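What follows is a short report on a single structure.
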Amino acid sequence: MYRYDELDQSLVEQRSAEFRSQVERRLAGKISEAEFKPLRLMNGLYLQLHAYMLRVAIPYGVLSSKQMTKLADIADKYDKGYGHFTTRQNIQYNWPKLIETPDILDELASVQMHAIQTSGNCIRNVTTDPFAGVAADEEVDPRPLCELLRQWSTLHPEFAYLPRKFKFAVTGSAVDRAAIKVHDIGLRLKSGPNNTVLTDIWVGGGQGRTPKIAQFFKSALPIRDLLPYLEAIMRVYNRYGRRDNKYKARIKILLAETGLETLQQQVETEYESIDRTAFEFIESEYARIVGSLIQPEYLATPETSTSDASTQSSPDFKAWRQQNVKPHKQPGYSIAVVSLKPAGGIPGDATSDQMRAIADIAKQYSCSELRVTHRQNLILPNVLESDLFKVWESLVKIDLAEANIDLPSDIIACPGLDYCALATARSIPIAQSVSKKIRATEKKTDLKGVSVNISGCINACAHHHVANIGVLGLNKGGVENYQLTLGGRNDQNASIGQRIGPGVAADDVPQAIERIVNFYVDVRKSDESLSDTFDRVGKEPFKEAVYG
Amino acid sequence: MSSKATHAIIIANDLRTGRIVYFTNASDWSESVQDAELLSSDSAQERLAIAAIDETNNLVIDPNLVDANVNAGTELQLAEIREQIRVSGPTILGSNHAATSQAA
Ligand code: SF4
């Protein structure tokens, strides 16, 4: 993990004090709601259907046990005893009171956490591969760059009022687990000659009402040139991005309207004009961050397996190990993915007791470190293989041992109409019904990598466009109705799913998804994913399977 | 208030807590929907104007009229699903955690 310094600590404390004074002035009537709203949004505080909602940043999804324990304590003291982990690797509280929010921010600041830039038209929390730094297939650890981006973009005065929100994602592996091609800017790190790091840049991806896959924009930039180049992109976007229509304000629209070559030219011209002396520190700062990462003290020759006979005889453990444990770069270690998707549960939610317990498990078995994934799960990134059984036993005790990672019941669902003021339909109860139904099927079938994502409106916070099976909740004449899309992908071969037919009623969604999965299982060839099968056989047979 | 509904009620969010509150016939705010004043089309706009004063007084945010029907003379039924959920709380099934309801 990155070790925050005094500057970071003082920044979050000052910001918290500033917000306390803004809240006091609001409550005293010295500022109106219209004046206060942008200020509270800059501190992650929304007003939703039932209450305020506070979104807390988890920079690039990395959490310590201490921070997770603090999040649990906040859930108990100021909320209703649970938190919701989001597709931006953040956490949301659904019931905070305005009058207590300054106290919450103080508590967060005590563990170097905050809610800055979790809302508003600024550069949002940078996201990355949840296996960053530990993945067996990783080429470059993306965390130092994420930290550099965090420092550069935090309270950057030039980019506080962009045309629209702006999202970065970073990966350092050929297999993209950070969905970089559906972000405003996606960065792919590669190793260059002489231990250097080079970055490929993708621009203009996004979802919402106009889903776009990012276009390849710039190749192999060394670290010393990267921030000035990103600054040039941001400046061009800030200057030319549309402000007349919020639905056309993202950089994906600027790219579509301007054209790739012209936009690249504009960025190059801006890049040439940037005063590079202000960026001379980058290489040394990058090296400093690399040096500041607290690296786990891995055992040189760890035991690779446990001799406990009970592990051999537990089919549930075997299933969990097969589905939820991923290869680690360090021999003898594993990455354990903790599913926040118990069958019939609320995707991404964890109770305060679960949060505290998992913080303890991380402390005992994973070097006190946790990650949040954009699929709304948690990760124990550094588990000795010989400890896996004990970890699984501990997870069983807190109902977080569902062996369903990357299976259809590992559903991404946004808060939808149960919480969100922008929603057109519910997502969570649909996800609950789908996972209950499909879990039985998937236990009997050898399924690989089928994603189901459910959004409660066209804003697509659950990334339904790039799911193998996407579900979009709409309101049709006062009744919830769900559009189904198939064939999306969010990896290195990212693609937008296609609508397969008319929307279905809420009660019919679980059956429709089961039919899609069953049809896929019937016609797939060897290792084909659902989206591969969809590409091969086309829309009609799937449509027939659902509606026929 | 639309022509499809028999009545309306006024809903807002409490500034301090954010919780849903209902405008009462005592021109006050209550967290209980039972206390909501049932408004006819004749009185709705006039009462909304009075409720809106409390927005200026920094007590509530965004007071607005919500369509409601009174069934069998007693039961209040809100016309839109969005407002039904606002009033009754999240509709989450069973739930893997406690206390998601509005009342909790
Ligand atoms: S997709 Fe729509 S309903 Fe879901 S969280 Fe985003 S804005 Fe809200």
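For B:ASN71, work out the one condition from (1) open to solvent by 40 Å² or more (accessible area, probe 1.4 Å); (2) at the interface with chain A (Cβ under 10 Å from one of its Cβ atoms); (3) at pLDDT below 95 it doesn't fulfil. The failed condition is (2). Evaluating A:LEU417 against the criteria (1) at the interface with chain B (Cβ under 10 Å from one of its Cβ atoms); (2) open to solvent by 10 Å² or more (accessible area, probe 1.4 Å); (3) in contact with a Ser or Thr (Cβ under 8 Å, 6 or more places away or on another chain) leaves one unmet condition, (2).
Considering A:ARG25, A:ARG20, A:ARG55, A:ARG40, the condition of being part of a strand (DSSP E or B) and more than 9 Å from every other protein chain (Cβ to nearest Cβ) is satisfied by A:ARG55 alone. Considering only the stretch B:45-68, state which residues are among the small types (Gly, Ala, Ser) and either open to solvent by 70 Å² or more (accessible area, probe 1.4 Å) or at pLDDT 95 or above (or both). B:ALA49, B:ALA51, B:ALA52, listed by residue number. Residues that are surrounded by fewer than 13 Cβ atoms within 10 Å (Cβ to Cβ) and either over 25 Å from B:GLY89 (Cβ atoms) or among the hydrophobic types (A, V, I, L, M, F, W, C) (or both) within the stretch B:31-44 comprise B:SER40, B:ASP42, listed in sequence order.
Flag: A:TYR46 does not match the condition of being more than 13 Å from every other protein chain (Cβ to nearest Cβ) and either part of a helix (DSSP H, G or I) or open to solvent by 20 Å² or more (accessible area, probe 1.4 Å) (or both).
Quick grid of which residues meet (1) part of a strand (DSSP E or B); (2) in contact (Cβ under 8 Å) with a residue 24 or more places away in the chain; (3) surrounded by fewer than 20 Cβ atoms within 10 Å (Cβ to Cβ):
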site	(1), (2), (3)
A:ASP106	no, yes, yes
A:GLN117	no, yes, no
A:ASN125	no, yes, no
A:LEU145	no, yes, no
A:ARG177	no, yes, no
A:GLY186	yes, yes, no
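For the condition open to solvent by 10 Å² or more (accessible area, probe 1.4 Å), within 13 Å of chain B (Cβ to nearest Cβ), charged (D, E, K, R) and more than 12 Å from the ligand (Cβ to nearest atom), A:GLU393 does not qualify. The strands (runs of 3 or more DSSP E) located wholly in the stretch A:408-513 that include 2 or more residues which are under 25 Å from A:GLY186 (Cβ atoms) and within 14 Å of the ligand (Cβ to nearest atom) occupy A:452-455, A:469-476. A Cβ distance below 6 Å, combined with a sequence gap of six or more or placement on separate chains, defines the contacts here; from the stretch A:191-207, residues that are over 19 Å from A:PHE166 (Cβ atoms) reach residues that are surrounded by fewer than 22 Cβ atoms within 10 Å (Cβ to Cβ) and of a type in the set (Asp, Glu) in the pairs A:SER191/A:GLU139. When restricted to residues that are basic (Lys, Arg) and under 15 Å from A:PHE19 (Cβ atoms), the stretch A:63-116 contains 1. If the condition is being away from every other protein chain (no Cβ under 11 Å), open to solvent by 10 Å² or more (accessible area, probe 1.4 Å) and at negative phi, then the stretch B:6-30 contributes B:THR6, B:HIS7, B:THR24, B:ASN25, B:ALA26, B:ASP28, B:TRP29, B:SER30.
Being open to solvent by 10 Å² or more (accessible area, probe 1.4 Å) and touching a Pro at 6+ places or on another chain (Cβ under 6 Å) holds for only one residue in A:ALA136, A:ALA132, and it is A:ALA136.
Of the residues contained in the stretch A:138-161, none is found to be modelled with pLDDT of 95 or more and within 14 Å of another protein chain (Cβ to nearest Cβ). Filtering the stretch A:424-474 to residues that are within 14 Å of another protein chain (Cβ to nearest Cβ), open to solvent by less than 10 Å² (accessible area, probe 1.4 Å) and under 11 Å from A:CYS414 (Cα atoms) leaves A:ALA425, A:SER427, A:ILE428, A:ALA431, A:ILE454, A:GLY456, A:GLY473. Listed conditions (1) touching a Gly at 6+ places or on another chain (Cβ under 6 Å); (2) farther than 30 Å from A:MET53 by Cα; (3) open to solvent by 10 Å² or more (accessible area, probe 1.4 Å) are all met by A:LEU486, apart from (3). Determine whether A:ALA132 is within 17 Å of A:LEU293 (Cα to Cα) and either of a type outside the set (S, T, N, Q) or assigned by TED's automatic domain parsing to the domain that holds A:ASN459 (or both). It is true that A:ALA132 is within 17 Å of A:LEU293 (Cα to Cα) and either of a type outside the set (S, T, N, Q) or assigned by TED's automatic domain parsing to the domain that holds A:ASN459 (or both). If you check A:LEU162, A:LEU155 for being part of a loop (DSSP other than H, G, I, E, B) and open to solvent by 40 Å² or more (accessible area, probe 1.4 Å), only one passes: A:LEU155.
Listed by first and then second residue, the pairs linking a residue in the stretch A:463-491 that is of a type in the set (D, E, K, R) to a residue that is assigned to a strand (DSSP E or B), with Cβ atoms under 8 Å apart and 6 or more places separating them unless they lie on different chains, are A:GLU480/A:GLY473; A:GLU480/A:LEU474; A:GLU480/A:ALA505; A:ARG489/A:SER495. A:SER273 - would you say it is in contact with a helix residue (DSSP H, G or I) (Cβ under 9 Å, 6 or more places away or on another chain) and surrounded by fewer than 12 Cβ atoms within 10 Å (Cβ to Cβ)? Spelling it out, A:SER273 is indeed in contact with a helix residue (DSSP H, G or I) (Cβ under 9 Å, 6 or more places away or on another chain) and surrounded by fewer than 12 Cβ atoms within 10 Å (Cβ to Cβ). Looking only at the stretch A:347-383, residues that are assigned to a strand (DSSP E or B) and of a type in the set (Ser, Thr, Tyr) come to 1 in all.
The values are calculated or read from the model by the stated rules, or taken from the named source; none is laboratory data. Everything numeric here is computed off the predicted structure, so don't read it as measured data. Note that each Cβ is placed from the backbone with ideal geometry, even for glycine, and that neighbours are counted across all protein chains shown. Ligands, DNA and RNA are stripped out before the accessible areas are found, and what is left, the full protein with its side chains, is counted by its heavy atoms. Shrake-Rupley method; radii C 1.70, N 1.55, O 1.52, S 1.80 Å.
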